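Here is the structure we will look at.
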Amino acid sequence: MTETAEQNRYQRALEASFAQLDREQATRGHTTFFEHNHRVLTEHAPAAGPTPQCSSTACGKPWPCEDVTTAMTQVGVRS
């Protein structure tokens, strides 16, 4: 399966969120922000298929859903 540009951005965002969680943060507020973005990215992963859907059962929208695009923007891999 060929990786699309959005899937590539998603992988980079997931890696960036891991890196941000690993770094020592100055305040608990920063840590909570990074934990939230990481949780959104992992809960709203793309489901397999010719037209990927969001894997979150509560979402069910085409992937990338609005939650994922917001999280990717917040970790700096999407503008």
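The values are calculated or read from the model by the stated rules, or taken from the named source; none is laboratory data. Note that the coordinates shown come from a computational prediction; the quantities given were computed from them, not determined experimentally. Cβ atoms come from the backbone with ideal geometry, glycine included; neighbour counts cover every protein chain shown.
State which residue is surrounded by the most Cβ atoms within 10 Å (Cβ to Cβ) when the search covers only segment 39-50 and only residues that are at pLDDT 80 or above and not hydrophobic (A, V, I, L, M, F, W, C).
HIS44
Out of (1) out of contact with any His (no Cβ under 6 Å at 6 or more places or on another chain); (2) assigned to a helix (DSSP H, G or I); (3) within 13 Å of ALA13 (Cβ to Cβ), the odd one out for VAL68 is which?
Single failed check for VAL68: (1).
In segment 6-38, which residues are at pLDDT below 85 and of a type in the set (Gly, Ala, Ser)?
Those that are at pLDDT below 85 and of a type in the set (Gly, Ala, Ser): ALA16, SER17, ALA19, ALA26, GLY29.
Which residues, taken from segment 54-70, are under 12 Å from the mean Cα position of the chain (by Cα) and at positive phi?
Listed by number, the list is empty, since nothing qualifies.
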